[in-house]
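Asker: Sharing a structure below in structure tokens format, with a few things to ask.
The values are calculated or read from the model by the stated rules, or taken from the named source; none is laboratory data. Source: prediction; values computed, not measured. A quick note on method: Cβ atoms are made from the backbone with ideal geometry, for glycine too, and the neighbour counts reach across all protein chains shown.
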Amino acid sequence: MGKQFDDLSKAMARRISRGQALRGMVGGAFAATLAILIPDRALASSDNSCVPFCQAIYGETTLEARACIVQALHKSGPCYQFGPGSEGCEYVRCGDDQFCVSVNVNVTQGRGYCFNF
């Protein structure tokens with residue numbers, strides 16, 4: 001399990017360009033604004049594994065979790081970068097109380113692992 005966590009940490013700490021960072025910040029701010037304005041709609045229309053994933057990594061009732069869920073509705077954000085919606089988790093089937101995390105961010109040959117939430 002320690003190696004899996006190390007792989008996840010390395011993947012998340014990869015270098016990105018200023019443009020990518022700026023787009024991520026703008027997208028996150030936009031998603032957070034939407035989550036504040038329409039949180040119930042965003043949560044109600046999310047029926048995939050991104051909801052428990054976002055709530056597990058950010059906290060169940062936080063603005064960050066809501067922003068993550070809103071981004072997932074548009075097939076972007078953390079859930080689609082390294083969570084259950086990522087390509088590394090495409091063929092991974094986790095149990096009811098688990099979610100998949102990909103150790104290779106944005107890589108088609110990534111590996112996903114199930115974690116309890």
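Asker: Any chance segment 94-116 includes a residue that's part of a helix (DSSP H, G or I) and modelled with pLDDT under 90?
Answerer: No, there is no match, as no residue in segment 94-116 is part of a helix (DSSP H, G or I) and modelled with pLDDT under 90.
Asker: Right, next: Considering only residues that are surrounded by fewer than 18 Cβ atoms within 10 Å (Cβ to Cβ) and at pLDDT 90 or above, which ones fall in segment 57-72?
Answerer: Correct list: Tyr58, Gly59, Thr62, Leu63, Glu64.
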